[in-house]
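Here is the structure we will look at, set down as C-alpha cells.
Values in this text are rule-based calculations from the coordinates and carry no lab data. The shown structure was predicted, so the numbers you read here are calculated from the model rather than taken from an experiment. So basically every Cβ, Gly included, is an ideal-geometry build from the backbone, and we count neighbours across all protein chains shown.
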Amino acid sequence: MRPRTRGRSAAAFGCVALVATGGWGWGSFEHFVRVPAAQETQRIAYTLDLVDRFYEMPAHDAYMRLSDDLKPWWSTIEPIQREIAAAKDDETRNVLIAKRDASLDAFIREKGLAPRIDLLVQSFDQFTRCLGLKICDENILRGAISIDVKRIYRTFRPYILKRREGTLVEDKEFGRDLEDLFFRFG
C-alpha cells in the first residue's frame with residue numbers, strides 16, 4: 001500500500017504545485033502588466049479631462065481677453081524690445097527691462113486688468129497639484145499647456161514678482177504654481 005500512497009501524494013503535490021504556479025503566474029500578470037496599464041490609462045484620461053476643463057473655465061476666457069487687451073501695450077514696448085535685443089551690456093539691458101516692466105505695471109493698473117491676471121495665474125494650481133499627486137501624465141500635460149504656461153509666465157512675471165512684494169500673506173506665494181510649471185516644462 002505504501003507505493004500507491006506515494007504516487008497519490010506525488011500526484012496531489014503536482015496538482016497543487018501546478019495550481020499554485022498558475023495562480024502566481026496570473027497574479028504576476030495582473031500586478032505587473034494589467035494594473036499598471038490600467039493606471040496609466042486612467043492617468044492619461046484624467047490629464048486630458050483636466051486640460052479640457054481648463055479650456056472651459058473662466059480663467060481661459062480671461063486668458064483670451066487678456067490677449068486682446070495687451071495688444072496696445074505690445075505695440076508701445078516694441079521699441080524697447082528692440083533696444084533690449086541690441087543692448088551691448090547687461091547694465092543697459094537691465095535698465096531697459098525695468099522700464100518695460102514698469103510700463104506693464106502701469107498698463108495693468110490703467111486698464112484694470114489685475115483681476116483677470118490673478119484669475120489666470122491662480123488657475124494653474126490644479127495642474128501642479130495633479131503632478132504632485134502623480135495622478136496626471138506629465139508628458140501629455142507638457143504637450144497640452146507648456147506653450148501657454150511659458151507665454152503667460154514670461155508676460156506676467158513682473159506682475160507676479162511685484163505681487164509677491166505685497167503685505168498680504170497670500171501674495172507671498174502668488175504665482176508659484178505657474179512658476180513651478182514654467183521651470184518644469186522649461
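Can you give the translational diffusion coefficient of region 49-186 in µm²/s, computed by Stokes-Einstein from the Kirkwood radius over Cα pairs at 10 °C and 1.306 mPa s?
Working: Rh = 16.1 Å.
Translational D for this selection: 98 µm²/s.
When ranked by the protection proxy of mean other Cβ atoms within 10 Å per residue, highest first, what sequence do the peptides 166-179, 112-125 form?
112-125, 166-179
Hey, which of these cross-link pairs are over 24 Å Cα-Cα: 88/162; 150/172; 71/162?
Flagged as over cut-off: 88/162.
Give the distance, in whole Å, between the Cα centre of region 76-106 and the Cα centre of region 113-186.
Using only Cα atoms to place each centre, the spacing works out to 24 Å.
In region 39-107, what is the volume of the convex hull around the alpha carbon atoms, normalised per residue and reported in Å³?
Given the Cα convex hull of region 39-107, per-residue volume reads 140 Å³.
Quick one: if the Förster radius is 35 Å, what FRET efficiency do residue 42 and residue 111 give, using the C-beta to C-beta distance and rounding to 0.05?
Computed FRET efficiency for residue 42 and residue 111 comes out at 0.25.
Mind ranking 82-95, 147-160 by how tightly packed they are, going by the mean number of other C-beta atoms within 10 angstrom, highest first?
147-160, 82-95
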